[in-house]
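Notes for the one structure printed next.
Any read-out appearing in this document is the output of simple, stated calculations on the displayed coordinates, not a laboratory observation. No experiment lies behind these values; they were computed from the predicted model shown. Neighbour counts are summed over all protein chains in view; Cβ atoms, including those assigned to glycine, are modelled from backbone coordinates with ideal geometry.
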Amino acid sequence: MPPTLASKWSACAPRLLSVLRIVAALLFIEVGATKLFGFPIPMPGGMTVEIFSLIGLAGILEVFGGALMLLGLFARPAAFILAGEMAVAYFMAHFGNGFWPIANGGTDAILFCFIWLFFSAAGAGVWSLDAARGR
């Protein structure tokens, strides 16, 4: 029986898992780099965050945790920590500004939280250093 379009597309899932991880990691690194370095866009007022602050810790986790996710290295524990960071970020910075995520600015935090939670269970995918290491 010849393969169907659905079965061909389903066969792409392991590689698309890696593509999702890479794209999410690049976006996550961008958020952290903006906080720490004012790049690619400056923070409001042209400032960067204080490294030894809660937002500075968030920036460090986003840049370095995002880099681990980009490479797919220690992806499960890194993703678990990043999911927790995003849950804390949502409830500390967004939830107090209203119930609806679209109104309180927390949509990105929720989405990243669940993306990282998924990767903490699923692993990094076939295009990762973890896969190359046999983990």
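Just to be sure, is THR48 among the hydroxyl-bearing types (Ser, Thr, Tyr), in a helix (DSSP H, G or I) and either touching a Gly at 6+ places or on another chain (Cβ under 9 Å) or more than 30 Å from GLY134 (Cα to Cα) (or both)?
no
Considering only residues of segment 18-54 that are small (Gly, Ala, Ser) and in contact (Cβ under 8 Å) with a residue 60 or more places away in the chain, which is farthest from ASP108 (Cα to Cα)?
SER18
Inspect segment 71-84 for any residue being on the phi > 0 side of the Ramachandran plot, over 13 Å from the mean Cα position of the chain (by Cα), surrounded by 13 or more Cβ atoms within 10 Å (Cβ to Cβ) and in contact (Cβ under 8 Å) with a residue 12 or more places away in the chain and give the result as yes or no.
yes
For segment 10-41, enumerate the residues that are small (Gly, Ala, Ser) and either outside any helix (DSSP H, G or I) or at positive phi (or both).
ALA11, GLY38
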